[in-house]
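The next block holds one structure in the form of structure tokens; read it before the comments.
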Amino acid sequence: MQITNRKAHFNYTIEEEIEAGIILLGSEVKSLRKGSANINDAYIAEKNGEIFLINSHISKYEGANKFNHEERRLRKLLLKNKQIQKLVGKLQEKAYSAFPLKIYFTRGFAKVMIGVGRGKKLYDKRETIKKRDENRRKQRGEE
């Protein structure tokens, strides 16, 4: 199962993508495999030299009863030191932000694809809509 942030490509110009591991509890893994999560409002931030996924929502797993997890807790991301330094450097530049693009499983491990980029202005968003509509017309064979 894959959870995607569909608005990310519309709201940001993505300049770089970084794959990171994520530390999860057992009930969070089961809930992610079921597909009950939301990362649309989530973002990535640095605290004490570590990178965290903030404001992501992973629903409670019914089978975990009293051993369940908090739905909107900080989740630590696993990156190499060079990647952390590079990401922190980018985030300190003006107008750059980091956000999750998708959460997926690779060989049994949960991974987060991090997008680093700048927010689009309103006129950029209009341009994106115009291009998308134009491509749809071409696909249908209209001209």
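Each stretch of four or more DSSP H residues adds -39500 (n - 2.57); spread over every residue of the chain, this sum gives -9500 deg cm²/dmol at 222 nm.
The loop-placed GluC sites (Glu not before Pro) in region 26-122, going by DSSP, that have at most 15 neighbouring Cβ atoms within 10 Å of their Cβ come out as 70, 71, 93. Label separation (residue 127 vs residue 76): 4.1 nm, computed from points 7 Å beyond Cα along the C-beta direction. The ellipsoid that matches the Cα gyration tensor of the chain has semi-axes, each √(5λ) in whole angstrom, of 30, 21, 13, with the longest given first. For the chain, take the longest principal axis of its alpha carbons; what is the angle in degrees between that and the long axis of helix 122-140, to the nearest 10 within 0 to 90? The two axes meet at around 80 degrees. Which residue, 3, 26, 116, has the largest displacement toward the positive end of the dipole of the chain when charges sit on each Cβ (Lys, Arg +1; Asp, Glu -1)? After comparing all options, I get 3. Pairs exceeding 31 Å between alpha-carbon atoms, taken from 86/138; 34/76; 7/138; 82/102: 86/138. Between residue 136 and residue 40, the FRET efficiency estimated from the beta carbon spacing at R0 = 25 angstrom works out to 0.60.
Shown is the FRET efficiency for residue 92 and residue 62, computed with R0 = 25 Å from the Cβ-Cβ distance and rounded to the nearest 0.05: 0.05.
Throughout, read-outs are computed from the coordinates displayed, never taken from laboratory work. Since the model is a prediction, treat every value here as computed from it, not as a measurement. A quick note on method: Cβ atoms are made from the backbone with ideal geometry, for glycine too, and the neighbour counts reach across all protein chains shown.
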